[in-house]
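Taking it in order: structure first as structure tokens, then the write-up.
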Amino acid sequence: MTIELSNNEQMRPERIIRMNAVVAKVQLAPSTIYELQASIPPKFPKSFKIVEGGRASGWLESEIDAWVDLRSKGGSHE
């Protein structure tokens with residue numbers, strides 16, 4: 001499968017966003033986000049450790065944007 005990207009998408013680096021930015025984008029409480037991640041199957045993109053062995057976690061902004069886009073079209077993340 002080949003994905004064609006525009007020049008803007010090819011040049012833009014992937015951003016990692018933290019919980020405060022995720023909350024602002026999706027307008028859900030952190031506890032709700034964690035609950036959706038823990039469901040089986042997950043109903044929200046999984047966070048990951050930014051530094052191996054570290055405490056800080058984040059999400060890829062593109063995954064959060066895709067989740068919001070899917071929701072706005074009446075879809076499900078399952």
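For the range 14-72, give the magnitude of the charge dipole about the Cα centre (Cβ charges: +1 Lys/Arg, -1 Asp/Glu; no others), in debye to the nearest 20.
Values: 8 positive and 7 negative charges, 36 e Å.
Approximately 180 debye in magnitude.
Please give the peptides 61-67, 26-32, 49-55, 15-21 ranked by average Cβ packing (other Cβ atoms within 10 Å per residue), highest first, as a rough proxy for protection.
Ranking, from highest mean packing down: 61-67, 15-21, 26-32, 49-55.
Pull out the extension gain between residue 31 and residue 65, defined as 0.36 nm times the separation in residues minus the alpha carbon to alpha carbon distance; nm, one decimal. Working shown, then result.
On the way: separation 34, 0.36 × 34 = 12.24 nm, distance 1.94 nm.
Gain on extension, residue 31 to residue 65, equals 10.3 nm.
If R0 is 35 Å, what FRET efficiency do you get for residue 50 and residue 72 from their C-beta distance, rounded to 0.05? All intermediate terms of the calculation are to be shown ahead of the outcome.
Working: r = 28 Å, r/R0 = 0.79.
After rounding to 0.05, the efficiency reads 0.80.
Over all directions, what mean area does the Cα convex hull of the range 14-72 project, stated in square nanometres? Before the final figure, lay out each step's value.
On the way: hull surface 16.9 nm².
Over all viewing directions, the range 14-72 projects a mean Cα-hull area of 4.2 nm².
Between residue 20 and residue 40, what is the spin-label point distance in nm, taking each point 7 Å from the Cα along the Cα→C-beta axis?
About 3.5 nm, to one decimal.
A short reminder: the numbers here are calculations on the coordinates, not readings from a lab. These figures come from a predicted structure and were not determined experimentally. FYI the Cβ positions are ideal-geometry reconstructions off the backbone, even for glycines, and counts take in every protein chain you see.
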